[in-house]
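Bear in mind these aren't lab numbers, they're just calculated from the coordinates by the rules spelled out. It should be emphasised that the depicted structure is a prediction, and the values quoted were computed from it without experimental measurement. For neighbour counting, all protein chains shown are included, and Cβ atoms are generated from backbone atoms with ideal geometry for every residue, glycine included.
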Amino acid sequence: MRTILLATLVLLAACAPQRARVPTMPVPSIIAMDRNSWGHLVSRWTIDGAGKGTYTLAEPDAYKPERLVTRRFSAGSAGFAEIRGLLALGEAQAESELDCGDRITDQFYGTVRWDDASLTYDMGCQNPATEEVLKGITAAERRIAAWAANQPITETRKVENQ
């Protein structure tokens, strides 16, 4: 009887559904993003695995920029992990195209890059399936901007007439 019970348990264990394996993305050495409007740079940033990065912003505003101002920041490896987490849904879709559906024109657009992989985005996308990806992009931009906000300016470039 024990043998039958043991054989039944072994058979049931072998037939149990297996948990789906989710492929993990290799950790990129750098994450970079640019944000544009009407063909002009609004902001650009990079962050490496150690959390060191740069943030370039059009000043005094995105619509009538006079200069591009760059600041360096250091957020540590935890900062890099935070940014990667905010962009995780986008990273999972890198090298594919976001399904925008209807689109609001004249919104910011750009590209997020993870080493050699990239995702082009448009903040005017109206498909609910892209909403969380775009929220992550916005949150990452805000976090980077906050880290760089009070840091010294390392470069200023004049914006040519638009």
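Of note:
- Each residue in 29, 43, 37 was given a count of other beta-carbon atoms within 10 angstrom of its own, and listing them fewest first yields 29, 37, 43.
- Computed from backbone phi with θ = phi - 60° and the Karplus coefficients 6.51, -1.76 and 1.60, the 3J(HN,Hα) list for the stretch 25-40 is 7, x, 5, x, 7, 8, 10, 9, 8, 10, 10, 10, 8, 6, x, 10 Hz; x is used for glycine and proline.
- With a cut-off of 12 Å between beta carbons, the residues surrounding residue 156 carry a summed charge of +1, where Lys and Arg count +1 and Asp and Glu -1.
- In sequence order, calculated HN-Hα J values of the stretch 102-109 (Karplus, 6.51, -1.76, 1.60; Hz; x Gly/Pro): 5, 9, 8, 6, 6, 9, 4, 8
- Shown in residue order for the stretch 123-138 are the 3J(HN,Hα) couplings computed by the Karplus curve 6.51 cos²θ - 1.76 cosθ + 1.60 at θ = phi - 60°: 5, x, 4, 10, 5, x, 5, 9, 4, 5, 4, 5, 4, x, 4, 5 Hz (x for Gly and Pro).
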